[in-house]
Amino acid sequence: METKQLERSLTLGSVVLFGLAYMTPIIVLGTFGILAQMTDGMVPSCYLVALVAMLFTAYSYGRMAAAFPVAGSAYTYTRKSIHAKLGFLVGWAVLLDYLFLPMAIWLIGAAYLASAFPSIPMAVWVIAFIVFTTLINIVGLKMTNTVNYLMMLLQFLVLLAFVALCIHYVAGDASKPLWNLAPFFRGDMKLPMIMAGAAVACYSFLGFDAVSTLTEETRDARHTIPRAIMWITIIGGLIFVVASYFVQLAHPSSQFKSVDDAAFEIAKNIGGDLFASIFLIGLIIGQFASGLSAQASASRLLYAMGRDTVLPQSVFGKLHARFRTPVNNLVICGVVALLALKLDVTTSTSFINFGAFLAFSFVNLSVIAHYYVRQRRRAPRDFFLFLLFPLIGMLADLWLLVSLDGRAIMLGLIWLAVGIAYLAKLTGFFRREPPELDFVEAEG
C-alpha cells in the first residue's frame, strides 16, 4: 500500500488561527448564564482558574507532540508512553467527547432559539438541528475554507461588538466602575463554587489540543506545534477572561429569566432588539458550523474504528454506495444527540468535560512516564519540566473532574465502565493487546 506524505506547509500563525477557530470563542457567551449562576456572578474568576489549569495541560500536550510528531491525540501519547490497554481506555474517553459534543453544541443553539421564539418548544429546535445537520453530512456537502473563515470572522465580530456594547453600557452608568475586582475576587467567594464553574468553563477551551492533528502538515512540527498549543491556550483564555469580565460588569447579577440563554437577555439590555437579533444569528451560525464539523468528525472516527474491527464492521465500517459517507454512524450520532431532550446545558457540557479531563490527566502523566521515567531526565531543570509541571497539571485536571456536575460524573463513570467491559471482550479478559485506534481519520 502506498504511503501518502502530507505537505508540510503550515506556519505557526496559521496553526494558531486554526486552533482558535476550532475553539469557537463566541461560546463564552453561550454558557455565560450557567457560569454566572454557578459562581454567583464571578464568571471571569472561573475562566482565570480554568486558564491556569489548561496552561499546564497545554504545556504537556506540547511536550508530547514534540516527542511523537505524528498526527495523534491523548490516546496516542498514553499508548506509546504508558501502556496500550490504558491508552485504549483514554481513547474510549476521547470517543465520549467526539460522540456527545454535537449534542451539547445543538442543545446550546436550541436554547437560544427557544428564547427568541418562545412559542416554539425547544425540542423542535433540537430535532431540527439534528435532522438538518445529519442530512447535510449524509450528502457529504463540505463547506469550503473560505466559507468557514467567513463564518469564523462573523463570530469574532459579533463577540467584539458584544464586548464593546458592554463597555459602552457600563461607561454610561456612573454608578458602575469600568475597573472592578469583584468579578475576580470577593470576600464571600467560595472556592468549591469557583472550581465547579471552572470545570464547566473548560468546555470553552476544548479544541486547544486539536492542532496536534496537524503535526504532519506543519513546518518544523517539533517546535511549532508545542508553541502553537501554548499560544492558542493563552490567547483563547485571555479572550474568555476579558469578554466575561465586561459582560459580568454589564450584568453583575447572577439572576436571569433563563440561565441557558442568558446572553440573549443581556444582548437586549445593552443593544436593543436589533443587536439581540444580530447576536442570535452569529451564535446560531457558530453552533451550526461547529455541530456540522463535530458530527462529521465523530462519524468518521466511528467508521475508522469499524473498518479496523475495533467496533462491529457490519454496522460502523460501511459507507453509503452513492454518497460515500458513513450514513449509519451519522444516524447514530443523531440518535445519541436526542439525549439533549432530557439533559440541560450544564449536564451535557460537564459530561463531555469528564472525558476531556480524564484524557488531559493522562497526557500530563504521559510526560512524566516518557521523559522523567523512561528517558530518565533528572537534571534540576528537568524536575520542574518533566515532573512538577505535569504533576500540577494532572492534579488540576482531576480536581476539575471531581468538581463537575454530579449527574455528569455518574454518566462518565458508566461510560468508563462500559469501556473497561468492552476492552475485556476485545482482549480476551486483558490477555491480548487491544487493537490500535486510528484517530487521524476523524479529522478527515
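Laid out as a table, the results:
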| item | result |
| --- | --- |
| Single unsatisfied condition, I414 versus (1) at pLDDT 90 or above; (2) within 25 Å of A50 (Cβ to Cβ) | (2) |
| Residues satisfying the stated conditions in segment 273-286, i.e. within 22 Å of L101 (Cβ to Cβ), open to solvent by less than 40 Å² (accessible area, probe 1.4 Å) and at pLDDT 85 or above | L280, G282, L283, I284 |
| Search result, residues across segment 304-332 that are in contact with a Phe, Trp or Tyr (Cβ under 9 Å, 6 or more places away or on another chain), at pLDDT 85 or above and assigned to a helix (DSSP H, G or I) | F316, N328, N329, I332 |
| Only one of F100, F88, F156 that is out of contact with any Lys or Arg (no Cβ under 8 Å at 6 or more places or on another chain), open to solvent by less than 60 Å² (accessible area, probe 1.4 Å) and in contact (Cβ under 8 Å) with a residue 12 or more places away in the chain | F100 |
| Any hit, segment 140-151, residues being assigned to a helix (DSSP H, G or I) and surrounded by 17 or more Cβ atoms within 10 Å (Cβ to Cβ) | yes |
| Residues within segment 260-296 that are more than 22 Å from N180 (Cβ to Cβ) and of a type in the set (V, I, T), tallied | 4 |
| Selected residue (criterion: modelled with the highest pLDDT) from residues of segment 435-444 that are buried (at least 20 other Cβ atoms within 10 Å of the Cβ) and assigned to a helix (DSSP H, G or I) | F439 |
| Scan of segment 357-394 for residues that are open to solvent by 60 Å² or more (accessible area, probe 1.4 Å), of a type in the set (V, I, T) and closer than 11 Å to Y59 by Cβ, ordered by number | I392 |
| Lone qualifier among I167, I229, I194, I225 - being closer than 21 Å to S254 by Cβ and within 26 Å of the chain's Cα centre (by Cα) | I194 |
| Pair list, Cβ under 8 Å, 6 or more apart: segment 247-263 residue open to solvent by 30 Å² or more (accessible area, probe 1.4 Å), other residue acidic (D, E) and part of a loop (DSSP other than H, G, I, E, B) | D260/D344 |
| Residue within segment 45-67 that is open to solvent by 30 Å² or more (accessible area, probe 1.4 Å), touching a Gly at 6+ places or on another chain (Cβ under 8 Å) and farther than 26 Å from P192 by Cα present | no |
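The values are calculated or read from the model by the stated rules, or taken from the named source; none is laboratory data. Source: prediction; values computed, not measured. Glycine gets a Cβ as well: all are built from the backbone with ideal geometry, and neighbour counts include every protein chain shown. SASA here: full protein model, heavy atoms, side chains in, ligands and nucleic acids out. Shrake-Rupley method; radii C 1.70, N 1.55, O 1.52, S 1.80 Å.
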